[in-house]
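Novice: For reference, the structure I am asking about is given below.
Please treat every number below as a calculation from the coordinates, not as lab data. None of these values were measured; they are calculated from a predicted model. Positions of Cβ are backbone-derived with ideal geometry, glycine not excepted, and every protein chain shown enters the neighbour counts.
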Amino acid sequence: MKATLTGWRELGPASRHFEFEAADWDGVFTPGQFLSLTANIGEDEITRAYSIASPPDGNRFGLCANLVPNGRFSPWLFSRSAGDQVECKGPYGTFTPKSTASDSILVATGTGIAPFRSFLGGSPKNPALAGNCTLIFGTRHESGLLYDDEWRALERSRANFAYWPTLTRPDEGWNGRTGRVQPHVMRALGERSDVDVCICGLRDMVDDLRSQLRAAGLDRRRIVYERYD
């Protein structure tokens, strides 16, 4: 399908949220799935996968991307203007909630936050995840907390949602959590074994956290993950 870029906004240093509309797509997908974008750049056809960073909304969808230094696809994407088109395929992927009713812990680093914007979509009265939910989001600096204003607003409007941002390189004025996400996840889990844990981020973090969760006795069937290099 061909999708038309309708606009974009800055999320942080070298990070953007892009909005698209695809006239020939029915908009059916499961929160957590991704789309493959393809472009002819120079003499090469290049394809990259991006998680859908928006709840189902007809034939409209959002994507979150970083501008990769010396990359090939992301500079092309960041140079697009409203009205430009891009070739898309999908949706694909199985990184989806195990149960919409279970309590859950969502864990993200960097742009791994993108699919959780889809997980948590919907109104406060009809959210995609209905159980108690804690979102633990780790970045180096406060400026890297993508969609931070939305998560804070959701925490104020939804009684059973908690937002735990944590920074590994905080500025002096930061009064929130610090360090990597793993110890915060284990603290949020406590002694419980009836919680779904969904993890999205860099491979090392995902693998380490999965090992810790299994060592703590959490059934592997309750751990859903997506990792990238």
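Novice: Given [x] 25; [y] 16; [z] 29 as candidate values of percent of Cα pairs over 33 Å apart, which corresponds to the one derived from the coordinates?
Specialist: Calculated percent of Cα pairs over 33 Å apart: the matching label is [y].
Novice: What is the fewest-to-most order of D103, D149, D208, D196 by other Cβ atoms lying within 10 Å of their Cβ?
Specialist: Numbers: D103 16, D149 9, D208 13, D196 23.
Ranked by crowding around the Cβ, least crowded first: D149, D208, D103, D196.
Novice: Turning to a different aspect of this structure: Lys/Arg Cβ at +1, Asp/Glu Cβ at -1, dipole of the range 1-112 taken about the Cα centre: which of A39, M1, P97 is farthest positive-ward?
Specialist: Sorting the options by dipole projection puts first P97.
Novice: Can you tell me the dipole magnitude for the range 104-228 around its Cα centre, using point charges on the Cβ only (Lys, Arg +1; Asp, Glu -1), in Debye to the nearest 20? If you can, show how the numbers build up before the last one.
Specialist: Values: 18 positive and 15 negative charges, 60 e Å.
Computed charge dipole of the range 104-228: roughly 300 debye.
Novice: Same structure again: Do any GluC sites (Glu not before Pro) in the range 156-229 lie in a DSSP loop with no more than 12 other beta carbon atoms within 10 Å, and if so, which? Walk me through the numbers before you get to the answer.
Specialist: Values: sites: E172, E191, E226; in loops: E172, E191.
Passing sites in the range 156-229 are E172, E191.
Novice: Another question, then. Could you identify which residue out of V68, V107, V86 has the top mean-square fluctuation in a GNM of the chain using Cα springs shorter than 10 Å?
Specialist: Of V68, V107, V86, the Gaussian network model singles out V68 as fluctuating most.
Novice: Rounded to a whole number of µm²/s, how large is the Stokes-Einstein D of the range 104-228 at 20 °C and 1.002 mPa s, given Rh as the Kirkwood radius over C-alpha pairs? Walk me through the numbers on the way to the answer.
Specialist: On the way: Rh = 14.7 Å.
It comes out at roughly 146 µm²/s.
Novice: Taking the Cα centre of the chain as origin, work out the dipole magnitude from +1 charges on Lys and Arg Cβ and -1 charges on Asp and Glu Cβ, in debye rounded to 20.
Specialist: Working: 27 positive and 28 negative charges, 120 e Å.
Its charge dipole is roughly 580 debye.
Novice: Which ³J(HN,Hα) values, rounded to whole Hz and listed in residue order, are derived for the range 51-61 from phi using the Karplus coefficients 6.51, -1.76 and 1.60 in 6.51 cos²θ - 1.76 cosθ + 1.60 with θ = phi - 60°, glycine and proline given as x?
Specialist: Result, ordered by residue: 5, 6, 9, 7, x, x, 8, x, 9, 9, 8 Hz.
Novice: Here's something else I'd like to know. Using the count of nearby Cβ atoms within 10 Å as a rough guide to exposure, how do V195, V185 rank from fewest to most?
Specialist: On the way: V195 19, V185 23.
Placing the least packed residue first, the sequence is V195, V185.
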